[in-house]
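S.K.: First the structure, which I've put down as structure tokens, then a few questions once you've had a look.
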Amino acid sequence: MTLAVLASGRGSNLAALLDAFPGDVRLVISDKPDAAALDRAREAGITAAHVPFPKGGRATFEAQVQALLDTHGVTLVLLAGFMRLLSADFTGRWRGRILNIHPSLLPAFPGLHAQQQALDAGAAWSGCTVHFVDAGMDTGDIILQKRVPVLRSDTADTLAARILTAEHEAYPQAVRLVRAGLAFPRPTPDDLRAEFGDQAPPH
Ligand code: GAR
């Protein structure tokens with residue numbers, strides 16, 4: 001499989017993916033021109049593209065991203081610290097072939113500041129989730145989770161660091177499951193009809 005990574009920031013998950021799949025990541029895209037992830041990609045000799053995400057311009061962004069994915073023959077898209085929502089049109093086209101990682105045990109604590117949300121809720125455990133991406137915020141079907149303890153002494157930063165170590169293991173593991181054909185998104189009514197015909201169970 002040919003991989004592309006979309007990242008908005010530091011790119012430590014990108015680095016873990018580059019280590020785990022040398023030669024397979026062919027393209028890194030960021031909506032932020034100064035994202036460290038773009039520098040990491042250039043250092044690794046990988047095409048690094050800044051695609052701006054203008055206000056109200058998601059369709060333009062997605063068209064540019066799709067063109068780059070096509071040009072590079074990408075078959076699996078990995079969001080790694082990519083802080084934008086993608087449309088139902090885009091995520092539908094990539095259904096089952098677009099993944100994200102989030103720093104909580106979803107469905108708990110979606111969205112921004114997931115580590116602070118866990119602390120505020122008094123959670124004893126948190127962790128990370130790798131999931132298929134749909135048009136919602138951190139709502140897609142879950143592939144794999146890793147838990148870490150929340151310590152009484154934790155700040156959002158110390159908890160984030162512990163979760164990040166788990167992320168760097170979880171993301172490559174989830175990608176291996178998808179590449180091996182061992183993880184799938186929940187079937188749609190159309191999938192069920194194709195599988196069972198008239199005998200399709202209710203969705
Ligand atoms: C990671 O903790 C990732 O889970 C999180 O951003 C960080 C990116 O770090 N993503 C989200 O919160 C998405 N909802 P990185 O740039 O070092 O990989």
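The values are calculated or read from the model by the stated rules, or taken from the named source; none is laboratory data. As the structure is a prediction and not an experimental result, all values here were calculated from the model. Glycine also receives a Cβ, built like all others from the backbone with ideal geometry; neighbour counts cover every protein chain displayed. Just so you know, the surface numbers come from the protein's heavy atoms only, side chains and all, with ligands and any DNA or RNA stripped out. Shrake-Rupley method; radii C 1.70, N 1.55, O 1.52, S 1.80 Å.
S.K.: If a/c stays under 1.5 just call it rounded; otherwise compare a/b with b/c (prolate if a/b is bigger, oblate if not). Do that for segment 26-85, with a ≥ b ≥ c from the square roots of the Cα gyration tensor eigenvalues.
M.R.: Details: a/c = 1.83, a/b = 1.22, b/c = 1.50.
Here segment 26-85 falls in the oblate category.
S.K.: Report the full-extension gain for the segment residue 68 to residue 93: residue separation times 0.36 nm, less the Cα-Cα distance, to one decimal in nm.
M.R.: Value of the extension gain: 7.5 nm.
S.K.: Quick one: work out the % antiparallel among DSSP beta bridges in the chain, nearest 5.
M.R.: Counting only bridges with both partners in the chain, antiparallel ones make up about 40 percent.
S.K.: How high is the relative contact order of segment 45-203, in percent, with contacts defined as C-alpha pairs under 8 Å that are six or more residues apart?
M.R.: Relative contact order here is 17 percent.
S.K.: Next question. State in Å² the accessible area per residue of segment 1-128; use a 1.4 Å probe, count heavy atoms of protein chains only, and round to the nearest integer.
M.R.: On the way: 5680 Å² over 128 residues.
It amounts to 44 Å² per residue over segment 1-128.
S.K.: In whole angstrom, how far apart do the alpha carbon centroids of segment 108-131 and segment 154-199 sit?
M.R.: Each part's Cα centre sits 17 Å from the other's.
S.K.: Name the residues whose placed amide hydrogens come within less than 5 Å of the amide hydrogen of residue 108, ignoring near sequence neighbours (fewer than 5 apart) on the same chain.
M.R.: Sorted by chain and number, the residues that satisfy this come to none at all.
S.K.: Any chance you could run the full-extension gain for residue 200 through residue 83? It's 0.36 nm times the residue separation minus the Cα-Cα distance, nm to one decimal.
M.R.: Working it through step by step, the gained length comes to 38.4 nm.
S.K.: Starting from the Cα gyration tensor of the chain, take the square roots of the eigenvalues, sort them a ≥ b ≥ c, and report rounded, prolate or oblate (rounded when a/c is under 1.5, otherwise prolate if a/b is larger than b/c, else oblate).
M.R.: Because a/c hits 1.5 or more and a/b fails to exceed b/c, the chain counts as oblate.
S.K.: What residues have an amide H closer than 5 Å to that of residue 27, excluding those fewer than 5 places away on the same chain, when H is modeled at 1.01 Å from N in the peptide plane?
M.R.: Amide H to amide H, under 5 Å and 5 or more residues apart or across chains, residue 27 pairs with 5.
S.K.: Go ahead and estimate [θ] at 222 nm for the chain from helices alone: -39,500 (n - 2.57) per DSSP H run with n ≥ 4, summed, over the residue count, rounded to 500.
M.R.: -11500 deg cm²/dmol
S.K.: Also, quick follow-up: In whole percent, what relative contact order does segment 57-110 give with Cα contacts below 8 Å and a gap of six or more residues? Let's see the in-between values first.
M.R.: Values: 24 pairs, mean separation 20.2, N = 54.
Over segment 57-110, the number comes to 37 percent.
S.K.: At 7 Å along the Cα-to-beta-carbon direction for both residue 139 and residue 179, put a label point, then send me their distance in nm to one decimal.
M.R.: Between residue 139 and residue 179, the simple spin-label model gives 3.1 nm.
S.K.: Using DSSP H assignments, which helices in the chain have an axial alpha-carbon span of 27 Å or above and a mean Kyte-Doolittle hydropathy of -0.5 or higher?
M.R.: Values: long enough: 156-179 (33 Å, 0.00).
Those that pass (Cα extent of 27 Å or more, hydropathy at least -0.5) are 156-179.
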